[in-house]
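What follows is a set of notes on a single structure, which appears directly below.
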Amino acid sequence: MRYFKLLFLVLSTSSLFAQSIDISKGWKFKIGDQKEWSKSNFYDKSWDTIQTSMYWEAQGFADYDGYAWYRLHVFLPSSLINNSLWKDSLEIKLGWIDDWSETYLNGVSLGIVDHYRTNVKYKLSVNNSIIKWNKENVIAIRVLDRKRKGGMYFGPYTISMCDITDYVSFNLLDIPLKFNGDSLIGEVKIYNNSPLIDIKGTLKIHALDIRSKQTLSTIEVPILLNKNENKIFKYALKNYATYWYITVSFTPNGTANSINYQVEAPYILTPKVSDSVKINTPAVFGAHSGHPFLYKIPATGKTPLTYNANNLPKGLSLNAETGIITGKVSDTGNYSVELIVKNNLNSKSQKFNIVIGDKLSLTPPLGWASWNAWGKRRVSDDVIRKTSDAMVHSGLINYGYSFINIDDGWEGIRDSDSILQSNEKFPDMKALSDYIHSLGLKAGIYSSPGPRTCGNLVASYKNEMIDARTYAEWGIDYLKYDLCSYVGIEDVSTLEGMQKPYRLMRRCLDSVERDIVYAMCQYGMLKPWEWGAEIGTNLWRTTSDIDDTWYSLTNIGFIQDPYAEYAKAGHWNDPDMLVVGTLGYGFSSTMHYTQLTPSEQYTHITLWSLLAAPLLISCDLMQIDDFTFSLLANSEMIEVNQDALAKQAKLIKRTAEYDIWAKPLFDGSYAVGIFNKTENLSEIHFDFALLNLSDKQWIRDIWRQKTLGLFNSSYNVEVPRHGAAFIKLIAYNKK
């Protein structure tokens with residue numbers, strides 16, 4: 001079960017509070033694998049010392065795939081037990097270990113963890129004979145690095161007695177808080193994880209204003225938690241329309257110890273959509289001549305809407321009720337079309353340039369991908385159909401989101417003609433694609449150039465042409481091609497070896513009469529931004545997989561500056577899918593609401609918009625909440641992402657406390673993101689000279705869709721912890 005992002009944890013400092021031992025330093029390290037390295041009496045003095053704050057490769061050790069060992073000698077005093085309120089169990093916390101680990105204490109295995117980015121921890125009874133009280137103990141960790149970076153790299157690293165924080169825990173449930181008029185409705189689930197004791201105490205819920213540090217309101221409830229029991233408490237707090245935290249605390253009777261969790265309350269900045277018509281299409285759209293054409297005009301306003309288009313190229317027709325344009329265009333060229341959308345309140349028109357030629361994805365792809373919500377096991381025809389329906393019924397389709405991409409998990413076996421069949425969860429891929437297309441959406445699929453996918457299902461190796469033809473027959477519009485098992489087929493450490501399978505699939509896709517957007521996924525190895533366009537891919541991953549943590553978000557999002565010059569119309573840097581909303585992840589069997597705070601989610605979407613990154617939603621659209629929808633359905637944010645100049649933002653200022661990124665736009669203005677990287681609400685100064693602008697500038701708040709006024713030479717803005725300000729600068733004489 002995943003939990004909401006915890007901003008901080010506060011415990012009282014009574015004399016009974018459990019002591020802990022810091023084990024972050026003093027580790028020894030050796031590459032290789034020998035069984036005797038687990039033993040407590042093994043002589044390791046000649047081993048190298050290593051830090052546990054970064055991968056071993058970053059510290060000068062060999063970059064290879066294989067085993068290595070960490071060892072630590074630590075003295076365990078019996079005073080740990082004597083000074084603790086709860087005296088039955090000891091816990092060893094070892095942070096994140098990448099990719100696989102087995103931990104030994106004094107030569108005895110404590111267990112195996114076969115997943116990275118998971119907090120590795122072990123509990124032992126204080127009476128366990130493995131523990132040597134008042135003596136030196138040896139922790140030995142066998143680590144397997146499967147690819148790229150490996151080792152221990154992110155804490156906490158402690159040994160401590162289990163206390164109330166190990167017995168009692170909170171979950172604000174894996175659902176978001178719900179907005180209900182002027183209130184926020186939420187639920188707290190509180191657990192007693194102890195099989196030994198009942199715990200009685202007081203649950204408190206506070207609303208805390210961050211600026212003033214004042215308590216806005218308090219709810220207090222007495223609770224009895226029996227052994228291994230959990231209870232749900234529902235609450236309603238006023239939506240204070242300011243930057244505030246919800247604090248949940250539990251204090252057991254008879255002790256000063258308490259647990260206090262703070263979570264940031266969601267705040268919606270995007271205004272409610274107007275009843276008046278607004279067309280949300282980008283300025284340009286590309287397609288190939290002679291191939292099936294499909295485009296849904298994205299527009300908002302009070303329904304029903306009616307659609308019209310002047311100067312459509314020959315071969316295309318528009319459904320006036322749905323706004324879906326279909327057909328085929330034989331002749332290449334640039335076609336200037338006028339789109340017109342009406343309702344009973346008003347009519348709007350917009351120029352739309354249809355480019356029939358040799359390029360797709362003239363603006364970054366917008367859509368949805370299945371992996372982060374449904375993974376390999378739970379994705380199915382039913383899920384994809386219901387997600388497609390949700391894309392329409394939620395209204396996201398009206399902002400330009402169009403792709404419904406099926407990631408790993410659809411593959412079956414090859415028949416006698418080597419044609420890959422979908423598995424029993426996908427009984428008819430052609431019928432599924434037809435259904436997606438009937439809604440005005442597009443269908444995507446996943447494979448690998450190796451013999452197996454990352455999920456160990458059948459991939460395209462030696463069947464690339466057959467697969468390309470199959471995708472075209474099914475009506476597929478997008479292919480994600482994931483490196484996976486091809487690593488064992490070819491030497492991908494060379495540029496020629498890495499490019500070979502992607503060039504091959506490019507030729508195969510070019511041979512079919514269908515527009516298929518081509519997404520290369522090989523995690524940024526060998527700098528694909530430098531050659532991805534040359535070999536014909538429309539987008540390429542620049543990093544490893546993202547997850548819904550501030551650590552992952554910043555280590556992926558804030559490193560994209562060097563790649564900016566390579567982004568252009570038809571070819572995009574891809575820092576991975578979006579991690580907002582309700583997620584599940586590839587191999588998980590459970591769902592959880594994103595661990596990113598609301599402000600961190602504003603940073604995520606602001607940065608991806610500026611980076612001209614594909615905006616591929618990957619949450620459960622069937623239970624999308626108001627806050628997540630407000631992030632994704634902000635038309636001005638999408639306009640920045642889809643801007644026709646096709647430029648990626650550049651980093652124009654970086655300090656330890658903040659980043660400022662700027663993206664030039666087609667109309668001569670700039671979109672600017674101001675990102676607070678600190679742990680506190682901060683005021684940040686933005687000097688227009690960073691963009692060589694000396695004149696007065698109109699500033700428009702993109703999230704609030706509101707012009708803030710005319711500013712001379714600079715702008716100061718208060719930005720929440722880990723949050724973002726997203727503005728547009730318009731020259732005084734151009735407004």
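The values are calculated or read from the model by the stated rules, or taken from the named source; none is laboratory data. Please read these numbers as outputs of a predicted model, since none were measured by experiment. Cβ coordinates were reconstructed from backbone atoms using ideal geometry, including for glycine residues, and neighbour counts include every protein chain displayed. Remember, those area values only see protein heavy atoms, side chains included, never the ligands or the DNA or RNA. Shrake-Rupley method; radii C 1.70, N 1.55, O 1.52, S 1.80 Å.
If the chain between I130 and S714 were fully stretched, how many nm would it gain, using 0.36 nm times the residue separation less the Cα-Cα distance? Working shown, then result.
Working: separation 584, 0.36 × 584 = 210.24 nm, distance 6.34 nm.
Once the chain is fully extended between I130 and S714, it gains 203.9 nm.
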Environment charge of R541, counting only residues whose C-beta is closer than 10 Å and scoring Lys/Arg +1, Asp/Glu -1: -3
For every other residue with a beta carbon closer than 12 angstrom to the beta carbon of S438, add +1 if it is Lys or Arg and -1 if Asp or Glu, then tell me the sum. +1
Could you tell me how many degrees, from 0 to 90 and to the nearest 10, lie between the Cα long axis of helix 429-438 and the main elongation axis, the longest principal axis, of the Cα atoms of the chain? 70 degrees
Charge context of T655, other residues only, Cβ under 14 angstrom, K/R +1, D/E -1: -1
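What does the helix-only formula give at 222 nm for the chain: each DSSP H stretch with n ≥ 4 adding -39500 (n - 2.57), the total divided by the residues, and the result rounded to the nearest 500 deg cm²/dmol?
-3500 deg cm²/dmol
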Search the structure for amide H atoms under 5 Å from the amide H of T678, placed 1.01 Å from N in the peptide plane, and list their residues when 5 or more places away or on another chain. H722
Cα convex hull volume per residue for segment 356-497 (Å³): 138 Å³
Under the 7 Å Cα-to-Cβ spin-label approximation, T678 and D209 lie apart by a distance in nanometres of 2.1 nm
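With the radius of gyration and the Kirkwood radius both derived from the Cα set of segment 57-189, what is their ratio Rg to Rh?
Working: Rg = 19.0 Å, Rh = 17.3 Å.
Dividing the radius of gyration by the Kirkwood radius yields 1.10.
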From the Cα centre of segment 441-468 to that of segment 52-124, the distance in Å is 38 Å
Which FRET efficiency, nearest 0.05, do R377 and Q59 yield, Cβ-Cβ r, R0 45 Å? 0.75
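Hey, can you find the accessible area per residue of the chain for me, probe 1.4 Å, expressed in square angstrom? Provide the component values of the computation, followed by the final result.
Numbers: 30060 Å² over 735 residues.
It amounts to 41 Å² per residue over the chain.
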So for R0 = 30 Å, FRET eff. of V221-A656 from the Cβ-Cβ r, to 0.05, ends up at 0.10
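Beta carbons within 10 angstrom, averaged per residue: use that to sort the peptides 548-559, 39-50, 485-496, highest first.
Working: 548-559: 18.2, 39-50: 12.7, 485-496: 14.6.
Averaged packing, sorted descending, gives the order 548-559, 485-496, 39-50.
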³J(HN,Hα) computed for each position of segment 139-155 - Karplus, 6.51 cos²θ - 1.76 cosθ + 1.60, integer Hz, glycine/proline x: 9, 10, 10, 8, 10, 10, 9, 7, 6, 6, 9, x, x, 8, 8, 7, x
Segment 135-209: projected area of the alpha-carbon convex hull, averaged over directions, in nm²: 10.9 nm²
I'd like the per residue volume of the convex hull spanned by the Cα atoms of segment 310-365, given in cubic angstrom. 103 Å³
Enter the angle in degrees (range 0 to 90, nearest 10) between the Cα long axis of helix 381-393 and the first principal axis of the Cα atoms of the chain, meaning the one along which they spread out most. 70 degrees
Listed by chain and number, the residues whose amide H is under 5 Å from that of G570, excluding neighbours fewer than 5 places away on the same chain and using placed H, are L362, T363
Please report, for the Cα atoms of segment 544-671, the Rg to one decimal and the Dmax as a whole number; what are they, in angstrom? 14.7, 48
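Of K376/K663; K342/K430; K87/K227; K351/K647; K500/K653, which pairs sit farther than 27 Å apart, going by alpha carbon to alpha carbon? Spell out each step's value before the answer.
Working: K376/K663 36 Å; K342/K430 34 Å; K87/K227 17 Å; K351/K647 21 Å; K500/K653 38 Å.
Distance filter (> 27 Å) returns K376/K663; K342/K430; K500/K653.
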Residues whose built amide H sits under 5 Å from the amide H of Q421, excluding neighbours closer than 5 in sequence, are G412, I413, R414, D415
When a/c reaches 1.5 or more, the comparison of a/b and b/c decides; with that in mind, is segment 354-434 rounded, prolate or oblate per its Cα gyration tensor? oblate
Tilt relative to the chain, helix 464-474 - C-alpha long axis, 0 to 90 degrees, to 10: 70 degrees
Rounded Å value of the spacing that divides the Cα centres of segment 380-410 and segment 258-284: 20 Å
Can you work out ³J(HN,Hα) from phi for every residue in segment 214-223, in order, using Karplus 6.51 cos²θ - 1.76 cosθ + 1.60 and θ = phi - 60°, giving whole Hz and x for Gly and Pro? 8, 6, 8, 6, 9, 10, 10, 9, x, 9
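At 0.36 nm per residue, and after removing the present C-alpha to C-alpha distance, how many nm does the segment from L693 to N82 gain when stretched out fully? Mind showing how you got there, number by number?
On the way: separation 611, 0.36 × 611 = 219.96 nm, distance 6.55 nm.
That pair, L693 and N82, stretches by 213.4 nm at full extension.
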For labels at S24 and L526 in the simple 7 Å Cα→Cβ model, what's the distance in nm? 3.9 nm
The simple spin-label model distance between I197 and T49, using points 7 Å out along Cα→Cβ, in nm, is 3.9 nm
List, in order, the whole-Hz ³J(HN,Hα) value for each residue of segment 415-428 obtained from phi through the Karplus relation with A = 6.51, B = -1.76, C = 1.60 and θ = phi - 60°; use x for Gly and Pro. 7, 5, 9, 6, 7, 6, 9, 6, 7, 5, 6, 10, x, 8
Sort by residue number and name the cysteines in the chain that have no neighbouring cysteine Cβ under 4.7 Å. C162, C508, C521, C619
Which whole number in µm²/s is D for the chain by Stokes-Einstein, with the Kirkwood Rh taken over Cα pairs at 20 °C and 1.002 mPa s? 76 µm²/s
At 0.36 nm per residue, minus the direct Cα-Cα distance, what do L345 and N308 gain on full extension? Give it in nm, one decimal, please. 11.7 nm
Contact order normalised by length for segment 132-237, with contacts defined as Cα pairs under 8 Å and 6 or more residues apart; what percent is it? 24 percent
Pairwise Cα inverse-distance average, inverted: Kirkwood Rh of segment 689-735 (Å): 11.4 Å
